[in-house]
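These notes are about the structure you will find just below.
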Amino acid sequence: MSSTPESKVKAAIHRFLKWQNAYAVNYIGGQYANNGTPDILACINGVFVGIEAKAGRGQLTALQYKALEKIDKAGGLALVVNENELDYLATAINSLQQHGTRMSNYTRFKPAGLDEKEPTDE
């Protein structure tokens, strides 16, 4: 099995979530999957968490951004995590566990040129 930069980020995320006693699974898309669903779906302290893993300067697609936006608006925690955001993952999860505060960061990764009226796969 090859170890891509993104797979290393996913592994680090899963190690941290396991350490936090979170329920977490990798979402694997397919023919009947919802496009844009985050790579990792988790539940922490009763809160739904969607995490999109990226490597380097990997950018969100419009569908990924919209999916994270829906999670955030529904009361979940929506995160984008790359090698530079692993510390933020810890901060966001600790804030959720200790204070019940959701610190979604997906808006910092909004794709350039994303128009609010852009069609989605709904």
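Note on the chain: with charges restricted to the Cβ of Lys and Arg (+1) and Asp and Glu (-1), its dipole about the Cα centre is near 300 debye. Across the options Gly58, Gln98, Ala74, the greatest Cα extent toward the positive end of the charge dipole of the chain (unit charges at beta carbon of Lys, Arg, Asp, Glu) belongs to Gln98.
Of all DSSP bridge pairs formed entirely within the chain, close to 65 percent run antiparallel. The rule of thumb for compact globular proteins, 2.2 N^0.38 Å, goes into the C-alpha radius of gyration of the chain 1.02 times. If you count Lys pairs in the chain whose Cα atoms are under 26 Å apart, skipping same-chain pairs closer than 8 places in sequence, the total is 24. If R0 equals 41 Å, the separation of the Cβ atoms of Gln98 and Ala55 corresponds to a calculated FRET efficiency of about 0.90. Put simply, the C-alpha atoms of region 43-87 give a gyration tensor, and the ellipsoid matching it has half-axes of 19, 14, 6 Å, longest first. The residues packed around Phe109, meaning those with a beta-carbon under 12 Å from its beta-carbon, carry a net charge of +1 if Lys and Arg are +1 and Asp and Glu are -1. Coupling constants for region 92-97 follow from the phi torsions by the Karplus curve (6.51 cos²θ - 1.76 cosθ + 1.60, θ = phi - 60°), and in residue order they are 5, 5, 4, 5, 5, 6 Hz; glycine and proline get x. Spin-label pair Asn26-Asn84: with each label point 7 Å from Cα along the Cα-Cβ axis, the two points sit 2.5 nm from one another. Taking amide H as placed 1.01 Å from N in the peptide plane, the amide H of Asp39 sits under 5 Å from that of Ile51, Glu52, Ala53, each at least 5 places away or on another chain. Close amide-amide hydrogen proximity is noted between Phe48 and Leu77, each under 5 Å apart and 5 or more residues distant or on a separate chain (H modeled in the peptide plane; Pro and chain starts excluded). Placing a label point 7 Å from the Cα of Ala12 along the Cα-to-Cβ direction, the residues of region 67-96 whose backbone N falls under 14 Å from that point are 80-91. Evaluating 6.51 cos²θ - 1.76 cosθ + 1.60 at θ = phi - 60° for every residue in region 33-40, the Karplus couplings come out as 7, 7, 5, x, 4, x, 5, 10 Hz, glycine and proline recorded as x.
Largest GNM mean-square fluctuation among Asp87, Asp72, Asp39, using the chain with Cα springs under 10 Å: Asp87. The listed peptides 97-103, 10-16, 27-33, ordered by packing as a protection proxy, come out as 10-16, 97-103, 27-33 (highest mean of other Cβ atoms within 10 Å first).
If you add up the charges near Ile28, with Lys and Arg at +1 and Asp and Glu at -1, over every other residue whose beta carbon is less than 13 angstrom from its beta carbon, what do you get? Neighbour charge sum, excluding Ile28 itself: 0.
Read-outs throughout are calculated quantities, based only on the coordinates presented, and are distinct from any laboratory measurement. Predicted, not measured: the structure shown is a model, and the values here were computed from it. Here Cβ is always computed from backbone atoms with ideal geometry, including for glycine, and neighbour counts include all displayed protein chains.
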